[in-house]
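Trainee: I am attaching a structure below and will ask some questions about it afterwards.
Coordinate-derived values only; no laboratory data. It should be emphasised that the depicted structure is a prediction, and the values quoted were computed from it without experimental measurement. Positions of Cβ are generated from backbone atoms using ideal geometry, with glycine treated the same way; all protein chains shown enter the neighbour counts.
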Amino acid sequence: MNPTTRAPSTPPQPPTAPPRLLGGPRSAQYDAFHTARARTDLVTRLYTQAMGDNYPAEVAASSSCDRPLLHLLAARLSMQPGQILVDAGCGTGGIGLWLARTLNLRLAGFDLSPVAVAQATARRPHFLGAAASRARFHVADLEHTGLADGCAHGIVCVDALSRATDRDAALRELARSLAPGGRLVLTRAARHRTTPAWAPQAHAAGLRVEHIDERPDEPLMWQRLYRLWIAHADELRRELGDVQAARMLSEAQQMLPRLPHRRAVLLTLARPAATPAAAAGPAPGATMTAPGCRTVDGPVSRERTPQ
């Protein structure tokens, strides 16, 4: 069932974000990575080699996002044109912007890294042209999004939940901002032959599991990518600097032995639609007042998920 709320006629308005939402020590390593990556196309070239024809070069995400995942995200969201999509942990914005253009949505993205948010903001015209104002990005973390209650008709969270300090709190926060009938679509991972607590976690947040789509090629993609990082270690140091290269190589060495045991999925969680009695009252999306689905408008991993 599609969300029952009606999208407001104006885009989400900027908030006055509490200081705790703006950057800080936790964002420093992500700021450094995005700054370094912007100086070179080396990381993009290695992702292209690892994913082959499935690499969405336009999106250029530092994640497991490939072309099949993009199309599966669009299908599982099941959104209507003009509705509000939230890209949680958006990085440089490519996934949310691609979905906003493909599905004719308005976009509110947020990320812990101010550098990533600035880069996402600068990419809006490439995807949306003259309609760039349909997308806005702000700095926040998954536990404190700065979004209004029930403002989002759909949420995507790709390879970001593992970065949350408290995953249960992050899931509750995302569920709070989701309108009745809306869907949260996120990547998750677990070890083979274990029973993940996805359904109880969803239930505790007021959501239900609607779909679990297996992603058997995801661990193989990370395996190829990590081996490429190791093979190109000297280039990584030269192009990204010693600190960023060391972090990437450390991740590769730690994660490679775990990948044969990794089960990767796309999890679709739905917030129950409003009851007839509740639907008779004002819809959350129709009564949003400023700041509404709040975003900052500018020139606008533990279950470890590889980044």
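Trainee: Relative contact order (percent) for region 27-101, with alpha-carbon contacts under 8 angstrom and 6 or more residues of separation?
Mentor: 25 percent
Trainee: Another question about this same structure. Please give me the summed charge of the neighbours of Arg271: other residues whose Cβ is under 11 Å from its Cβ, Lys and Arg +1, Asp and Glu -1.
Mentor: That works out to +2.
Trainee: Shifting gears a bit: Using only the alpha carbons of region 82-123, what is the convex hull's orientation-averaged projected area in square nanometres?
Mentor: Hull-based average projected area comes out at 2.4 nm².
Trainee: Still on this structure: Sort the following peptides by mean Cβ neighbour count (other Cβ atoms within 10 Å, averaged over residues), highest first: 84-96, 114-126, 159-171.
Mentor: In decreasing order of mean packing, 84-96, 114-126, 159-171 become 84-96, 114-126, 159-171.
Trainee: Given the alpha-carbon gyration tensor of region 151-260, what are the semi-axes of its equivalent ellipsoid in whole angstrom, ordered largest first, with each equal to the square root of 5 times an eigenvalue?
Mentor: 33, 17, 12
Trainee: Ignoring solvent entirely, what values of log10 I(q)/I(0) come out of the Debye formula for region 56-112 at 0.15 Å⁻¹ when each Cα is a single scatterer?
Mentor: Each listed q corresponds, in turn, to -0.37.
Trainee: Inverting the mean 1/r over all pairs of different Cα atoms, compute the Kirkwood radius of region 96-178 and quote it in Å.
Mentor: 13.3 Å
Trainee: Still on this structure: What does the charge count around Ala131 come to, taking other residues whose C-beta lies under 10 Å from its C-beta (Lys +1, Arg +1, Asp -1, Glu -1)?
Mentor: +4
Trainee: Could you rank the peptides 261-274, 100-113 by their average count of other C-beta atoms within 10 Å per residue, with the highest value first?
Mentor: Details: 261-274: 20.0, 100-113: 24.1.
Most protected by this proxy first, the peptides run 100-113, 261-274.
Trainee: Same structure, new question: Treating the Cα atoms of region 113-160 as identical point scatterers in vacuum, please give the log10 of the normalised Debye intensity I(q)/I(0) at q = 0.16, 0.20, 0.30, 0.31 Å⁻¹, two decimals.
Mentor: -0.56, -0.86, -1.21, -1.21
Trainee: Hey, another quick one. So what's the net charge close to Thr40: Lys and Arg +1, Asp and Glu -1, counting the other residues with Cβ under 14 Å from its Cβ?
Mentor: Values: positive: Arg37, Arg39, Arg45, Arg237, Arg238; negative: Asp41, Asp234, Glu235, Glu239.
Its environment carries a net charge of +1.
Trainee: Another question, then. Can you give the alpha-carbon Rg of region 24-162 over 2.2 N^0.38 Å, where N counts its residues?
Mentor: 0.99
Trainee: Further question on the same structure: Rounded to the nearest 0.05, what FRET efficiency is calculated for Gln254 and Thr102 with R0 set to 41 Å and r the Cβ-Cβ distance?
Mentor: Numbers: r = 35 Å, r/R0 = 0.85.
Once the sixth-power term is evaluated, E becomes 0.70.
Trainee: Fully extended, how many nm does the chain gain between Thr40 and Asn54 (0.36 nm per residue separation, minus their Cα-Cα distance)? Each step should come with its number before you reach the end.
Mentor: Working: separation 14, 0.36 × 14 = 5.04 nm, distance 2.12 nm.
Result for the pair: 2.9 nm of gain on full extension.
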